[in-house]
Structure formats: C-alpha cells, structure tokens
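Encoded as structure tokens, the structure appears first; notes follow it.
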Amino acid sequence: MSDETSTGDRPEVVGIAAVARNGVIGAGNDIPWRIREDWARFKAITMGHVLIMGRKTYDSIGRPLPGRTTIVVTRDPAWRTDGVVVATDLDDAFDLAYALTPTKVFVAGGGQIYAAAWDRLDTLEITEVYADPAGDVRFPVIGADWHETDRDEREGFAFITFRRHSE
C-alpha cells in the first residue's frame, strides 16, 4: 500500500481499530482481548505518522507511542502530559495534525472519537476479532459506503482494509 494520498490537499485519514464481531472495541477503559499480532500491525502501520485519540484511549495506553506524533483530544483544557499534543476538540486536533503536513493521519479511538471523525475517514484498517465480548464501547457500523480492499485471515481474527467509495 502506497503512502500517496488521493484526497487532494489533505493527508489520507485512516481509522484504525480492533473490532469484535458484535462491534465492541472496549470494556471500561480496556480492550477485552490481547492479540500480539494486532499490536505489531498497529505499530507498523502508524509508525512515522500522526495519531489522533481521545484522552481515555490515551490513558489506557498510558504513554506516548514512540515514532509517532500523538494528538490527544480532551475536554479538560488543563490536561497536559509530556510527549503529546493536546487538542480541545476534534476540529482542533485535525488542524494541528494537518499543520504537520503528514502523508497520513490515524484516528485511533475511542468510540466517541471514531463516531465524530467518521465522515472524515478515507480508509479503515480493522482487526476483526472473531469473538463477541461484553463491552460498553462500540465501533461505528461499517456500511455500504465502504468496500473491502484487502483481507488477511489469521487464527481468531482477520486484518481488513476498507476504503470509502468515491462519490
């Protein structure tokens, strides 16, 4: 997959998530599974790019991710931590991301951030987890405006790339 973007003046915006068959992506502030290959893929795909995530997602990770610019969206204007850029809303986060002139911006959760950024996403990099865990955070439904472009089946999960249909 090329780093070239077909989105005109802005970088490609990619949603990246591990999603259970029932749509669950989180339970409390945790992910209800541990898949080493998913973390390795996340690292490989996002390395050198910009990540946008909500504060709860950042807190669940617990630290800035090396080799990536991390922009954390929080409603708390006093929230600060070393090694990340803070945005007070999603528009601010995208403005900050675009100012860095990356080739890709990754939206990395959580549920509220995915939903709010949904219409901006060009591509989805999904790890579909073949499980139906309990959880209180869900990923938006991937509807007919998306088409699957790649699938890599594994034991218990699959790596899937979706692209938004051109208008």
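Computed from the coordinates by the stated procedures, all read-outs in this text should not be read as laboratory data. Owing to the predicted nature of the structure, the values given are computational and were not obtained by experimental measurement. All Cβ positions, even for glycine, are placed from backbone atoms using ideal geometry, and neighbour counts span all protein chains on display.
Quick look at the numbers
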read-out: Cβ charges +1 (Lys, Arg) and -1 (Asp, Glu), total dipole of the chain, debye; value: 500 debye
read-out: Mean separation of Cα contacts under 8 Å (6+ apart) over length of the chain, as relative contact order %; value: 32 percent
read-out: Amide proton proximity set for His49, modelled H, under 5 Å, gap of 5+; value: Thr69
read-out: Gain in span if fully extended, Asp92 to Met47, counting 0.36 nm per residue against the direct Cα distance; value: 14.0 nm
read-out: Amide hydrogen neighbours beyond the local backbone of Val107, cut-off 5 Å, H modeled; value: Val14, Gly15, Ile16, Ile52
read-out: Most mobile listed residue (Tyr58, Tyr98, Tyr114) in the chain, GNM with C-alpha springs under 10 Å; value: Tyr98
read-out: Theoretical ellipticity at 222 nm over the chain - DSSP helices of four or more residues, -39500 (n - 2.57) apiece, nearest 500; value: -6000 deg cm²/dmol
read-out: Per-residue Cβ neighbour rank within 10 angstrom, fewest leading, Asp136, Asp122; value: Asp136, Asp122
read-out: Quarter of Cα convex hull surface for the chain, i.e. mean projection, nm²; value: 9.4 nm²
read-out: FRET efficiency, 1/(1 + (r/R0)^6) with R0 41 Å, evaluated for Tyr130 and Leu100 via beta carbons; value: 0.70
read-out: Ranking of Ile61, Ile35, Ile113 by count of other Cβ atoms within 10 Å, fewest first; value: Ile61, Ile35, Ile113
read-out: Of all DSSP beta bridges in the range 22-164, antiparallel share, percent nearest 5; value: 60 percent
read-out: Förster radius 41 Å - calculated FRET efficiency between Ile61 and Asp9 (Cβ-Cβ, nearest 0.05); value: 0.85
read-out: Rounded to whole Hz, the Karplus (6.51, -1.76, 1.60) HN-Hα couplings of the range 88-95, x for glycine and proline; value: 8, 7, 5, 4, 4, 4, 5, 4
